[in-house]
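Here is the structure we will look at.
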Amino acid sequence: MNVTLTNETTQAAGFHIPFIREMAEITQHMWKNGWDERNGGNVSYLLEEEEVAKYIDINHVIRKIKPAFSMQELAGKYFIVTASGKYFKNVLADPESNLGLLRVSNDGQELEVLWGLKSGANPTSELPTHFMSHIERLKVDPKHRVVMHNHATNVLAMTFIHELDELKFTKTLWQMCTECVVVFPDGVGIIPWMVPGLNEIGRETAEKMKEYHAVIWPQHGIFGTGTTIDEAFGLIETIEKAAQVYMLVAGHEIRQRITDQQLVTLAEAFGVTPRPGILNI
Ligand code: 2HA
Ligand code: ZN
């Protein structure tokens, strides 16, 4: 059957809105990478009021949601987020059911739904981690905008066979691809295994976000952050690529590797500072 999208249907789906299109496209990419089976993964994207108001009536609150944590530091801020229990596979076909545009109320206690989350859908189950991470990343980088979570396959696999010491884990990743130390000179944070979806894992993750752009959840997945969707996705892609190379070479005889001196030379050439305490120079 041929389906022709008329202007009206594409408008209704929200594709004319840049941040909705970006969310729909990036979730599709993640799903196609095999990182978001079933309802796995979630994304939240902090937006400026002016960019939202261009497309959405910010004075019309569709409904209110009261999460079990305070969001005082984010009062008045706008986010587009993925919905709880929904499949990344389906976002592109129906953004309104699978995404939501939210504003944190002025008292920081409620979420005001301005668009999407159709048929009573809720924001991502990992909202505590997302919001607590936004708060910490914004403190270190006012341009921070995006928190992205998925179940990147090789990152997950690597957490079974590599020591979970974050300095050692970071060094191994840096050694896998020449670009790595340039893309994530701050390394990767790692928290202990914890139950997902709760405030506690949110607090642990956000604590790491004070120092790291990316945090690994052992036997679960990864959180990446950035000033744009591309940056957060690119960070996860690069870490996942390094983890993939690690999984390919693990157990094989290593004949040569990138030396610590080469990593330092690289960092100097690209003007980045590798996290101290990792390279033996
Ligand atoms: O179900 O990925 O961590 C969404 C998740 C939970
Ligand atoms: Zn997950």
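Assorted remarks:
- Residue in segment 159-167 that is within 16 Å of ligand 2 (Cβ to nearest atom), in contact with a strand residue (DSSP E or B) (Cβ under 7 Å, 6 or more places away or on another chain), within 30 Å of Pro67 (Cβ to Cβ) and not charged (D, E, K, R) present: yes
- Candidates Asn98, Asn90, Asn59, filtered to the one that is exposed (fewer than 15 other Cβ atoms within 10 Å of the Cβ) and closer than 26 Å to His16 by Cα: Asn59
- A single member of Asp141, Asp107 is free of Cβ contacts under 8 Å to residues at least 60 places away in the same chain, surrounded by fewer than 22 Cβ atoms within 10 Å (Cβ to Cβ) and more than 19 Å from Gly197 (Cβ to Cβ), and it is Asp107.
- Residues (at pLDDT below 95 and of a type outside the set (A, V, I, L, M, F, W, C)) located in segment 10-30: Thr10, Gln11, Gly14, His16
- Being over 28 Å from Tyr45 (Cβ atoms) and either under 25 Å from the mean Cα position of the chain (by Cα) or within 15 Å of ligand 2 (Cβ to nearest atom) (or both) holds for only one residue in Pro274, Pro218, and it is Pro274.
- Residue match in segment 124-134 (condition: more than 17 Å from Gly76 (Cβ to Cβ) and either more than 16 Å from the chain's Cα centre (by Cα) or away from ligand 2 (no atom under 16 Å from the Cβ) (or both)): no
- Flag for Leu138 being among the aliphatic types (A, V, I, L, M), within 16 Å of ligand 2 (Cβ to nearest atom) and under 19 Å from the mean Cα position of the chain (by Cα): no
- Considering each residue of segment 181-188 in turn, at least one proves to be closer than 14 Å to Gly221 by Cβ, touching a residue at least 24 places away in the same chain (Cβ under 8 Å) and under 15 Å from the mean Cα position of the chain (by Cα).
- Selection within segment 250-281: residues that are under 23 Å from Asn154 (Cα atoms), in contact (Cβ under 8 Å) with a residue 24 or more places away in the chain and of a type in the set (Val, Ile, Thr). The member of this set that is surrounded by the fewest Cβ atoms within 10 Å (Cβ to Cβ) is Ile258.
- Among the residues of segment 115-128, at least one is closer than 30 Å to Val245 by Cα and within 16 Å of ligand 1 (Cβ to nearest atom).
The values are calculated or read from the model by the stated rules, or taken from the named source; none is laboratory data. All figures in this text were calculated on a predicted structure; none of them were measured in a lab. Backbone-built Cβ (ideal geometry, glycine too); neighbour counts: all protein chains shown.
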